[in-house]
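Here's the structure, in structure tokens; my notes come after.
The values are calculated or read from the model by the stated rules, or taken from the named source; none is laboratory data. These numbers were taken from a predicted model, which means no experiment stands behind them. Virtual Cβ from ideal backbone geometry, glycine too; neighbours counted across all protein chains shown. Just the protein is used for accessible areas: all its heavy atoms, side chains included, with ligands, DNA and RNA removed. Shrake-Rupley method; radii C 1.70, N 1.55, O 1.52, S 1.80 Å.
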Amino acid sequence: MSEIETRIAEMATAARAASRALAAMPTARKAAALKAAAGAIRAAAPAILAANAEDMKAAEARGTSGAMLDRLRLDDARLEGIAAGVEAVAALPDPVGAPIKGWTQPNGLKFEQVRVPLGVIGIIYESRPNVTVDAGALCLMSGNACILRGGSEALSTSKALHAAFIAGIASESLPADAVQLVDTSDRAAVGVMLGAAGLIDIIIPRGGKGLVARVQSEARVPVLAHLDGICHVYIDRDADADKAEAIALNAKLRRTGICGAAETLLIDKAAEATGARVVKALLDAGCEVRGDDAVRAIDPRVVAADDADWGTEYLDAIISAKVVDGVGGAAEHIARHGSAHTESIITENAETANRFLAGVDSAIVIHNASTQFADGGEFGFGAEIGIATGRLHARGPVALEGLTTYKTVVRGNGQVRP
Ligand SMILES: NC(=O)C1=CN([C@@H]2O[C@H](COP(=O)(O)OP(=O)(O)OC[C@H]3O[C@@H](n4cnc5c(N)ncnc54)[C@H](OP(=O)(O)O)[C@@H]3O)[C@@H](O)[C@H]2O)C=CC1
Ligand SMILES: N[C@@H](CCC(=O)OP(=O)(O)O)C(=O)O
């Protein structure tokens, strides 16, 4: 066994023991531990911000882009948001033991399905420091132990946040092994986690194309994918032009670096005037538009899109744009090029909206609102692990319930099977 394999195996064994303790832990104890963790994060603010300044300096020296630096950066307000998020999770209903459904068979056997934790969760994520704490808090409250492998650019920040978090939970006598951090930027750790069948129950990869490729070729542990967001806004012939403009601009430009940012604008061929207005508004706002021939005819500032553009997640002020044949054409394009994350239709026609909402099989489908609502906080979940883009039990923003599975409790009074 390599050193890293040994290390991950040790971490997973300790996590398993912690997960057993957590699975049976009363809600009040978990909530108290999370409140203590929030306090410990606030108390450690100077050390956490100093660690973040180190990460930022190194990232700037490497020439990291503005959107990525923004994702990495912490300040007092963001740190307070992280601590408040932990308290918000502590106040949420405990999913463990919550009944899902119950029924009685003719022989008198009573069945009840109740939520149980997933067990030991491995999370591989990008360099957004809040994820270290959000994921730790959500896993703990849902009775799971976790092994966190964050982005290498944020390693110092993650270590400082993690140290404060576990000091907080340990002060309430919870096992520190409940939330462990892989403290190396060596990508070998990712490979070992993906192959740790039997040690880790489920892997949540949260990231883009590089991570996708590795997960697809190496994962032996079940995967709850949180992958790239090639999100679409479709402007229908019955769109309200004001809504279309406001929503498209927000979906693309509110924050270009997040996975819920729109990457492609689809324009109904019968929505020529509204489509032209939106394309011009995007260009005027400083967004590069890469269009097909029909979109290029709208404005000379539109540059030519090539085939690769339809599958590209720019995470920048760039959008691809294409004219399609109605809602059917939009659904077809999304099925071919999307990543099953989030898609929005702009229309005043309820029937067309319903065709889109039913016909597009992405984790989140939206009518007349921005794709940037793809977020656990915006869904009312308190926080999120991320947006699940796969086909397992949880899709879209994953929070407490998404981190559980269920078991069936059967109550009899002596029945035997004939
Ligand atoms: N669906 C969702 O919830 C979310 C999706 N995303 C997506 O994440 C992407 C942006 O983040 P970005 O930083 O580029 O994500 P990356 O996929 O580059 O990195 C994410 C994590 O995966 C690791 N990783 C990436 N490639 C490999 C590899 N080949 N082998 C081992 N480990 C690897 C990184 O490690 P290292 O630090 O070593 O690079 C990092 O820990 C976008 O595509 C965005 O849509 C982002 C947030 C949420
Ligand atoms: N869902 C969250 C952000 C998730 C996300 O995309 O993060 P990242 O790609 O790390 O910037 C939000 O909408 O704010």
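What to note about this one:
- Count - residues of region 162-204 that are more than 16 Å from ligand 2 (Cβ to nearest atom), not in a loop (DSSP other than H, G, I, E, B) and not small (G, A, S): 15
- Residue in region 87-104 that is within 27 Å of A196 (Cβ to Cβ) and either assigned to a loop (DSSP other than H, G, I, E, B) or more than 16 Å from ligand 2 (Cβ to nearest atom) (or both) present: yes
- Only one of the listed residues (A38, A53, A45) is assigned by TED's automatic domain parsing to the domain that holds L403 and farther than 14 Å from E80 by Cβ. That residue is A53.
- Matching entry among A281, A270, A246 (being more than 16 Å from ligand 1 (Cβ to nearest atom), open to solvent by 10 Å² or more (accessible area, probe 1.4 Å) and not in a helix (DSSP H, G or I)): A270
- Residues being more than 16 Å from ligand 1 (Cβ to nearest atom), of a type in the set (K, R) and open to solvent by 20 Å² or more (accessible area, probe 1.4 Å) are entirely absent from region 125-134.
- On the stretch given as region 291-302, residues that are outside any loop (DSSP other than H, G, I, E, B) and open to solvent by 60 Å² or more (accessible area, probe 1.4 Å) total 2.
- Members of region 1-25 that are free of Cβ contacts under 8 Å to residues at least 24 places away in the same chain and open to solvent by less than 60 Å² (accessible area, probe 1.4 Å): T6
- Listed conditions (1) without any contact (Cβ under 8 Å) to a residue 12 or more places away in the chain; (2) within 20 Å of G386 (Cα to Cα) are all met by V179, apart from (1).
- Looking across region 368-393, the residues that are away from ligand 2 (no atom under 11 Å from the Cβ), small (G, A, S) and open to solvent by 10 Å² or more (accessible area, probe 1.4 Å) come down to A369, G380, G382, G390.
- One residue alone among I366, I346, I298 is within 16 Å of ligand 1 (Cβ to nearest atom), at pLDDT 95 or above and among the β-branched types (V, I, T), and that residue is I366.
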